[in-house]
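Accompanying notes for the structure given below.
Read the figures in this text as sums done on the coordinates, not as results from a lab. Everything numeric here is computed off the predicted structure, so don't read it as measured data. Quick reminder, even Gly has a Cβ in these numbers, built from the backbone with ideal geometry, and neighbours come from all protein chains shown.
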Amino acid sequence: MSEGGRELARNLGPLKGAAVMLNIVLGAGLLILPGLAVRQAGDHALLAWGICALAALPLLAVFVILGRRFPDAGGIGHFAARAFGPAWAPASSFILLGAVAIGLPSIALTGGYYAAGAVGGSPHAWAAGLVTAGFAVNLLSAAGAARVNQAMAAVLLVLLGAIAVTGAVLVPEAAHPLPLLPDRIDWALALAPFMMIFFAFTGWEIASNLSEEFRDPARDFPRAMALSFVVAVVLYLVMAWIAQTRDLDGRFETPFAAIMDGRFGAVGGRAVAAVVTVMILANLAAAIWGVSRMIFALARAGTLPAALAGLRGDQPVRAAGVLVVVLLAVIAADAAGFSRVDVLLGIAGQNFLILYGVAAAALFRLSEGPGTRLLAAACVVLVAGLALAQGGSVIYPLVLAALGLAVQRRPAAMSKLRAAPPKADRSNRTR
């Protein structure tokens with residue numbers, strides 16, 4: 001029984017779950033980052049993508065193990081609370097909320113700029129429309145929203161496949177193409193775009209909020225995570241290969257628009273803009289799904305107002321609505337000149353990296369088996385190394401964590417957290 005007596009419907013199987021996860025993970029970066037990686041790393045770019053995929057694999061395993069053992073809409077916050085105590089749930093969750101509150105509007109604005117460039121209009125109006133459309137998907141029943149996400153994922157894969165085939169088959173190689181792999185590896189060059197590429201592999205931390213909605217979390221949640229990861233990695237590597245071997249005409253920021261322009265003229269550029277728009281709509285709809293579950297879980301535990309734990313049918317519509325209002329406010333602030341997309345994405349990326357570390361530390365604390373503890377320890381070291389390499393200020397995540405702790409100490413929240421019965425799903429320790 002979930003805290004507060006409210007439970008989300010268990011509508012997800014491995015295919016629908018993987019579709020939602022793919023929509024969360026795949027973003028416009030898939031069509032942008034391969035070109036930027038080539039500019040930074042040259043003939044080491046494809047190798048850099050492979051290194052990032054290998055580095056992301058153990059972090060994915062952390063979420064698979066935690067999600068199958070402790071399925072809950074609270075995601076990272078729930079895992080941290082089980083490992084370190086109730087105070088960690090709001091602290092971790094608020095760091096994630098702070099990341100998505102600025103990260104998702106930045107993603108929407110990316111789509112807005114593509115759409116405005118293709119057909120005209122205000123990029124901020126397009127961005128607000130994409131967020132609103134993503135919210136509309138979440139007004140359907142959970143089963144209906146899952147079907148829409150599955151359909152969008154299928155359409156997206158077809159469109160991306162068409163771009164890949166066009167680049168691989170219909171567009172000739174550059175006159176002097178870069179080799180797929182260098183004759184001698186320069187590790188400094190191979191690692192140069194690591195941090196930029198690595199954030200193409202974020203998103204599964206939000207996907208962990210879906211674990212409660214799987215019909216059989218112990219079986220289906222790991223399958224969905226694994227399937228989404230394999231599909232994403234294949235797409236990344238194919239797109240990286242195309243960017244490395246085709247003539248981009250110096251347009252590293254929009255490599256596939258350059259490829260399509262070269263083959264089909266202005267129509268090709270509009271086609272790429274349409275694909276980016278569909279991709280970002282799918283990304284926003286799935287992310288609103290995942291984050292609304294975390295808000296619902298916080299309200300269910302008494303940390304946030306109880307009204308946000310209300311369900312309309314089987315959907316936490318109020319939680320999703322509050323999230324969307326915040327996203328639209330950030331887009332409005334950007335339109336007024338109070339923020340910049342690149343700065344927002346950098347801050348959001350740092351928060352996500354911290355949360356990977358929290359999840360790995362939680363797994364280490366909850367594990368008894370030596371293999372799982374070794375995996376968790378390796379991930380903690382990996383995240384710490386990445387954080388040191390990235391640098392940046394930790395003031396924003398610290399303020400968010402402090403805010404979460406302050407809210408959690410409300411009497412209503414403390415009483416509900418103390419009175420909450422233990423989950424009947426799994427044992428308290430992973431093996």
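Each part gets one Cα centre, and for segment 362-399 versus segment 87-120 those centres are 23 Å apart.
Using R₀ = 60 Å, calculate the FRET efficiency as 1/(1 + (r/R₀)^6) where r is the Cβ-Cβ separation of Leu311 and Glu173; round to 0.05. Before the final figure, lay out the partial values.
Values: r = 54 Å, r/R0 = 0.90.
Efficiency computed from Cβ-Cβ geometry: 0.65.
Each residue of segment 149-156 was assigned a 3J(HN,Hα) from its phi angle through the Karplus curve 6.51 cos²θ - 1.76 cosθ + 1.60 (θ = phi - 60°); the sequence is 4, 5, 5, 5, 4, 5, 4, 4 Hz, with glycine and proline shown as x. With both labels modelled 7 Å from their Cα along Cα-to-Cβ, the Leu54 to Val325 distance reads 4.9 nm. Between 0 and 90 degrees, the angle of helix 88-119 with respect to the longest Cα principal axis of the chain falls at about 30 degrees. Under 1.5 on a/c is rounded, so check that first for segment 1-158, then, if it is not, pick prolate when a/b is larger than b/c and oblate when it is not; a ≥ b ≥ c are the square roots of the alpha carbon gyration tensor eigenvalues. Judged from the Cα gyration tensor, segment 1-158 comes out oblate (a/c at least 1.5, b/c at or above a/b).
Just check segment 75-129 against the gyration tensor rule for me: Cα atoms, a ≥ b ≥ c as the square roots of the eigenvalues, rounded for a/c under 1.5, and otherwise prolate or oblate depending on whether a/b exceeds b/c. All intermediate terms of the calculation are to be shown ahead of the outcome.
Numbers: a/c = 6.45, a/b = 4.93, b/c = 1.31.
Prolate, since a/c reaches 1.5 and a/b exceeds b/c.
Once the Cα-Cα distance is subtracted from the 0.36 nm per residue extended length, the Leu237 to Val155 segment shows a gain of 27.6 nm.
Label positions at Val119 and Asp247, each projected 7 Å from the Cα along the C-beta direction, are separated by 3.2 nm.
The protection proxy used here, the mean number of other Cβ atoms lying within 10 Å of each residue, ranks peptides 281-291, 352-362 as follows, highest first: 281-291, 352-362.
Shape verdict for segment 66-202, please, from the Cα gyration tensor: rounded (a/c under 1.5), prolate (a/b greater than b/c) or oblate. It comes out oblate by the Cα gyration axes. Look at the dipole of the chain built from charges on Cβ: of Pro71, Ala153, Leu31, the Cα furthest out on the positive end belongs to Pro71. Each Lys and Arg adds +1 at its Cβ and each Asp and Glu adds -1 at its Cβ; summed about the Cα centre, segment 294-381 shows a dipole of about 200 debye. For segment 158-278, list log₁₀ I(q)/I(0) at each q in 0.12, 0.16, 0.18, 0.21 Å⁻¹, using the Debye formula over Cα point scatterers of equal strength and ignoring solvent, two decimals each. With one equal scatterer per Cα and no solvent, log10 I(q)/I(0) is -0.60, -0.93, -1.06, -1.23. Put a plus charge on the Cβ of each Lys and Arg, a minus charge on the Cβ of each Asp and Glu, and nothing anywhere else: the dipole of the chain about its Cα centre is then about 1500 debye.
Taking the charge dipole of the chain about its Cα centre, with +1 at Lys and Arg Cβ atoms and -1 at Asp and Glu Cβ atoms, the residue from Pro58, Ala360, Ala164 reaching farthest to the positive side is Ala360.
Residues whose amide H comes within less than 5 Å of that of Arg246, counting only those at least five positions distant or on another chain, are Ala174 (H built at 1.01 Å from N in the peptide plane).
[x] 20.6, 60; [y] 27.7, 89; [z] 21.1, 69: which one is Rg and Dmax of the Cα atoms in Å as calculated from this entry? Computed from the coordinates, Rg and Dmax of the Cα atoms in Å corresponds to [z]. For Ser367, nonlocal amide neighbours, meaning residues 5 or more places apart or on other chains whose placed amide H falls under 5 Å from its own, are Thr430.
Contour minus end-to-end for Ala377 and Leu15, with contour as 0.36 nm per residue of separation and end-to-end as the Cα-Cα distance? Stretched fully, the Ala377-Leu15 segment lengthens by 127.2 nm.
Peptides 246-252, 66-72, 373-379 ranked from most to least packed by the mean count of surrounding Cβ atoms within 10 Å: 66-72, 373-379, 246-252. Every helix of 4 or more DSSP H residues in the chain counts as -39500 (n - 2.57), and over all residues that averages to -24000 deg cm²/dmol at 222 nm. Computed from backbone phi, the HN-Hα couplings of segment 22-37 come to 4, 5, 5, 7, 6, x, 4, x, 4, 9, 10, 4, x, x, 5, 5 Hz, rounded to whole numbers (Karplus: 6.51 cos²θ - 1.76 cosθ + 1.60, θ = phi - 60°; Gly and Pro given as x).
With the gyration tensor restricted to C-alpha atoms of segment 146-216, the semi-axes of the equivalent ellipsoid amount to 34, 23, 8 Å, longest first. Distance from the alpha carbon centroid of segment 233-269 to that of segment 162-232 works out to 16 angstrom. Label zone (Trp187, point 7 Å along Cα-to-C-beta; backbone nitrogen cut-off 20 Å) within segment 52-69: 52-58.
Compared with the dominant Cα axis of the chain, that is its longest principal axis, helix 317-335 is turned about 40°. A simple spin-label model places the labels of Ala384 and Glu7 4.0 nm from each other, with each point 7 Å out along Cα-to-Cβ.
Only Lys, Arg, Asp and Glu count, each charged at its Cβ (+1, +1, -1, -1), so figure out the dipole size of segment 105-227 about its Cα centre, rounded to 20 debye.
Values: 5 positive and 8 negative charges, 48 e Å.
So the magnitude is around 240 debye.
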